[in-house]
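Notes for the one structure printed next.
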Amino acid sequence: METQPIGGLFAARPSRIVIKVGSNVLTRADGELDVTRMSALVDQIALLHDAGVEIILISSGAVASGRGEFRRRGVAVGDLDSVSARQLFSAVGQARLINRYYEFFRDRSIICGQVLATKENLATRRHYLNQKHCMGVMLEAGVIPVVNENDTVSVTELMFTDNDELSGLIASMMDADALIILSNIDGIYTFDPALPEARLISRVGPADNLEACISSARSSLGRGGMSTKYRVARQVAAEGIDVVIANGKREHILPAMLGLAPGPVAATVFEASPREPSSLKRWIAHGRSFAKGTVVVNDGAAEALLKGGASLLPVGVTDVQGEFDAGDIITVTAPSGDVIACGRAGLGAAAARRAIGRKRSSAPLIHADYIYVYGPCD
């Protein structure tokens with residue numbers, strides 16, 4: 001297994017970190033909260049907090065916690081569909097989860113506060129900035145925001161893929177120096193980690209592509225998997241933020257990353273790109289989570305966008321999908337089916353359809369100032 005050197009993972013100690021903790025870290029196999037592990041993680045976060053690091057905690061575990069509470073009490077919930085079951089379990093489980101965090105942080109003389117997010121909260125620029133302001137005020141007051149998706153109201157298409165996706169958006173929104181994703185595995189391996197020849201990949205550069213190493217399997221308790229973690233890590237690193245994927249069940253993993261505890265660290269680090277897009281473009285970059293529609297472009301338009309600095313003109317559009325208004329976020333798809341960009345629509349869907357293929361148009365479908373280009377495989 002490859003490990004990082006003793007002394008921390010970062011060239012300079014981050015001043016603001018987003019830490020995402022997955023369901024498989026926080027719960028036992030029977031669905032009950034692992035309060036011992038929660039307490040140990042809070043101890044580690046408290047050590048970072050006392051060292052002057054601002055922490056935003058993205059915590060999964062509400063649904064698993066609620067499910068475990070019903071099972072522990074022997075209460076039958078009837079024949080519920082998946083959406084209803086998720087709403088019920090999360091409503092009960094979120095209360096248990098935040099109460100545990102409140103007690104653990106209080107015992108360490110730290111105040112925490114709950115933030116429940118939905119895609120709708122972040123889909124408009126105004127709501128996005130309001131959310132950013134709220135968490136900024138909490139950090140200034142020394143409060144640790146504990147963030148989770150509001151599963152009681154987020155259903156089907158309104159849901160984030162998982163909290164990995166939410167954590168990437170929050171890290172970008174809050175101008176974090178680093179995003180740490182804690183799972184029940186040390187990071188990304190060259191092969192299935194169950195195989196003896198598998199090696200942990202310790203560092204990933206901006207130009208490295210690990211698609212061949214990623215399994216599409218999802219976790220047993222959460223909605224995500226390594227494929228989502230990899231996609232989020234690549235995107236956030238491309239925005240100038242270091243990303244670490246590590247095992248949250250390893251003792252002292254967080255302080256060791258910052259050189260506050262001895263020992264090497266087993267983890268995969270995605271090195272931040274020197275590219276640092278504006279706050280507006282970072283919001284747009286994560287807009288694929290809540291995009292209202294999609295436009296398909298021809299090869300010429302795709303090539304122009306990938307080179308950077310170009311607006312998307314109607315002449316390069318071959319199809320408009322979904323219903324959206326001017327100002328909504330939409331994705332841009334190449335003929336291959338790859339999502340290559342995301343942007344703020346300059347036209348509504350009806351006007352965009354009427355303008356398809358026109359060489360002369362009064363306005364671009366997406367202006368260059370309001371488009372974020374991912375790349376051909378993102």
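The values are calculated or read from the model by the stated rules, or taken from the named source; none is laboratory data. Just so we're clear, the structure is a prediction, and the values are computed from it rather than from any experiment. Counting neighbours? That spans all protein chains shown, and the Cβs are built from the backbone with ideal geometry, glycine included. All accessible areas refer to the heavy atoms of the entire protein, side chains included, with ligands and DNA or RNA removed. Shrake-Rupley method; radii C 1.70, N 1.55, O 1.52, S 1.80 Å.
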Worksheet, complete the sentence: Per residue convex hull volume, Cα only, region 73-216, in Å³ is 194
Worksheet item: What number in nm² do you get for region 243-362 if you take the convex hull of its Cα atoms and divide its surface by four?
Response: 10.1
Discussion item. So if I place +1 on the C-beta of Lys and Arg and -1 on the C-beta of Asp and Glu, and nothing else carries charge, what would the dipole magnitude of region 272-378 be about its Cα centre? I want it in debye, nearest 20.
Written reply: 280
Practice prompt. Before rounding to the nearest 500, sum -39500 (n - 2.57) across all DSSP H runs of length at least 4 in the chain and divide by the residue total; then give [θ] at 222 nm in deg cm²/dmol.
Written response: -10500 deg cm²/dmol
Discussion item. Tell me the Rg and the Dmax, in Å, that the Cα atoms of region 4-54 produce.
Written reply: 13.6, 40
Fill in: Folded to 0 to 90 degrees: helix 163-173 orientation relative to the chain principal axis, Cα
70
Discussion item. Using a Cα-Cα cut-off of under 14 Å, which aspartates and glutamates could be cross-linked to Lys229, ignoring same-chain neighbours fewer than 8 residues away?
Written reply: Asp162, Asp164, Glu165, Asp186, Glu211, Asp242, Asp378
Discussion item. So, R0 is 30 Å and r is the distance between the beta-carbons of Arg108 and Ala29; what FRET efficiency does that work out to, to 0.05?
Written reply: 0.60
Worksheet entry | Qualifying GluC sites (Glu not before Pro) for region 1-97 [loop in DSSP, other Cβ within 10 Å: at most 11] | none
Worksheet item: Across every pair of different alpha-carbon atoms, what Kirkwood hydrodynamic radius in Å does region 63-120 reach?
Response: 12.8
Discussion item. For region 87-157, place one equal point scatterer on every Cα, skip the solvent, and apply the Debye formula. What is log10 of I(q)/I(0) at q = 0.12, 0.19, 0.26, 0.28 Å⁻¹?
Written reply: -0.38, -0.85, -1.14, -1.19
Worksheet item: Most fluctuating residue of Cys134, Cys342, Cys112 in a GNM of the chain with Cα springs under 10 Å: which is it?
Response: Cys134
Response to the item:
Rounded to the nearest 10, the angle in degrees between the Cα long axis of helix 62-73 and the longest principal axis of the Cα atoms of the chain comes to 40
Response to the item:
When the charge dipole of the chain is computed with +1 at the Cβ of Lys and Arg and -1 at the Cβ of Asp and Glu, the Cα pointing farthest to the positive end, of Gln131, Leu47, Phe70, is that of Gln131
Worksheet item: Over the heavy atoms of Tyr101, what accessible area does a 1.4 Å probe trace out, to the nearest 10 Å²?
Response: 10
Fill in: Student exercise, the chain dipole from Lys, Arg, Asp, Glu Cβ charges, in Debye to nearest 20
620
Practice prompt. Using only Cα atoms, tell me the angle between helix 35-50 and the longest principal axis of the chain; keep it within 0 to 90° and round to the nearest 10.
Written response: 70
